[in-house]
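One structure below.
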């Protein structure tokens with residue numbers, strides 16, 4: 001049973017997934033108000049909600065029904081998909097997904113990842129939410145197929161006794177996210193992706209780590225797809241100024257408990273200069289000895305240049321890469337230099353008199 005604080009953090013994590021438009025699944029015993037919470041979120045946000053009971057659906061209810069029109073085969077989209085596509089900003093809620101047979105779960109793959117049902121695109125702003133009971137508590141339930149499970153952020157859901165008490169008294173608690181500027185969220189997500197890239201540079205074995213036990217295949221595990229989801233959701237948590245408990249739930253729900261613990265520990269112990277400070281004094285900052293930290297600094301600098309491109313900032317970034325190349329990290333310098341060259345302002349070329357260590361590497365890599 002979740003504590004009140006855990007319930008609040010999980011409720012906010014669910015809202016982050018819905019706001020970020022990333023697929024999320026709620027795991028919990030029957031009768032825990034999962035459907036009621038989804039209805040409340042849709043009603044409060046004024047978004048159209050389409051609810052489907054996956055356990056009684058057929059594959060064509062998600063993949064579309066094959067038909068012939070003007071001599072050509074096509075997939076006729078179901079009514080719910082057409083309604084969501086017309087709205088463009090709705091919510092699809094599929095309940096009891098793990099009691100759906102494997103053929104139906106397979107049909108859900110494209111719906112969850114590409115937001116496509118039949119030949120109908122539901123719209124990029126459509127949110128995908130699912131709910132499931134643990135297999136031992138479900139009626140004829142299966143573990144989720146690993147390809148489908150890897151498309152979701154997994155949240156454990158249960159109602160604390162205090163929440164039930166208040167709800168039965170007439171007030172079910174809800175928790176709203178603060179308002180956030182979309183551009184700020186995009187910047188935070190981009191910064192978080194850099195941190196994830198740096199972490200995976202130090203722990204490449206966690207880039208993809210498939211579950212060994214069949215019982216674990218239906219939950220979160222690390223893949224490039226789920227790491228991107230973790231970075232996106234953690235970036236939104238930063239932009240929304242949410243508690244670290246919410247970030248933990250989101251990252252754990254994306255890549256699993258073990259990988260999340262390592263990444264969050266790595267993230268919490270980073271003590272690196274800000275990209276703006278590096279660009280203001282490209283020769284003065286101390287270069288770390290670890291390759292992953294060098295990558296995080298360099299990628300952060302390029303992101304800052306991309307957001308505020310000037311001749312001075314571009315040239316300063318080149319000096320940073322030159323120092324990386326001369327400090328024993330030529331591979332990282334050349335890798336980052338590919339993007340640096342693409343950002344080059346018109347009529348401005350690398351200064352070979354300044355970038356003594358970098359320019360030969362760029363020529364060897366045929367980048368200049």
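Taking the chain as a Gaussian network of alpha-carbon nodes connected by springs under 10 Å, the highest mean-square fluctuation of the residues 60, 217, 74 belongs to 74. Stretched out straight at 0.36 nm per residue, the stretch from residue 83 to residue 286 would grow longer than its current Cα-Cα span by 67.5 nm.
Normalised by the number of residues in the chain, the mean separation of alpha-carbon contacts (under 8 Å, six or more apart) gives a relative contact order of 16 percent.
What shape does the stretch 291-340 take by its C-alpha gyration tensor, where a ≥ b ≥ c are the square roots of the eigenvalues and a/c under 1.5 counts as rounded, a/b above b/c as prolate, and the rest as oblate? Judged from the Cα gyration tensor, the stretch 291-340 comes out prolate (a/c at least 1.5, a/b above b/c).
Rounded to the nearest 5, the antiparallel percentage of DSSP beta bridges internal to the chain is 30%.
Overall, the anisotropy analysis places the stretch 24-151 in the oblate class: the square-rooted eigenvalues a ≥ b ≥ c of its C-alpha gyration tensor yield a/c not less than 1.5, with a/b not exceeding b/c. Taking every C-alpha pair closer than 8 Å and separated by at least 6 residues, the mean separation divided by the residue count of the stretch 52-210 gives a relative contact order of 20 percent. Rounded to the nearest 0.05, what FRET efficiency do residue 341 and residue 245 have when you use their Cβ-Cβ distance and R0 = 30 Å? Computed FRET efficiency for residue 341 and residue 245: 0.10. Between residue 257 and residue 271, the contour length at 0.36 nm per residue exceeds the alpha carbon distance by 2.6 nm.
Mean projected area of the Cα convex hull of the chain, taken over all directions, amounts to 22.6 nm².
GNM remark for the chain: springs join alpha carbons under 10 Å apart, and the peak mean-square fluctuation among 147, 23, 222 falls on 147. In this simple spin-label model, placing a label point 7 Å from the Cα along the Cα-to-Cβ direction at both residue 166 and residue 76 gives a separation of 4.9 nm. A straight line joining the Cα centroids of the stretch 223-244 and the stretch 1-46 runs 17 Å. The stretch between residue 6 and residue 184 holds 61.4 nm of extra length on full extension. This uses 0.36 nm per residue minus the Cα-Cα distance. Taking every DSSP helix (H) stretch of at least 4 residues in the chain, weighting each as -39,500 (n - 2.57) and dividing the sum by the residue count yields a mean residue ellipticity at 222 nm of -15500 deg cm²/dmol. In the elastic network of the chain, a GNM with C-alpha springs shorter than 10 Å, the most mobile of 13, 317, 130 is 317.
None of the figures in this text is laboratory data; all of them are computed from the coordinates on show. Since this is a predicted model, take the numbers as computed values, not measurements. So basically every Cβ, Gly included, is an ideal-geometry build from the backbone, and we count neighbours across all protein chains shown.
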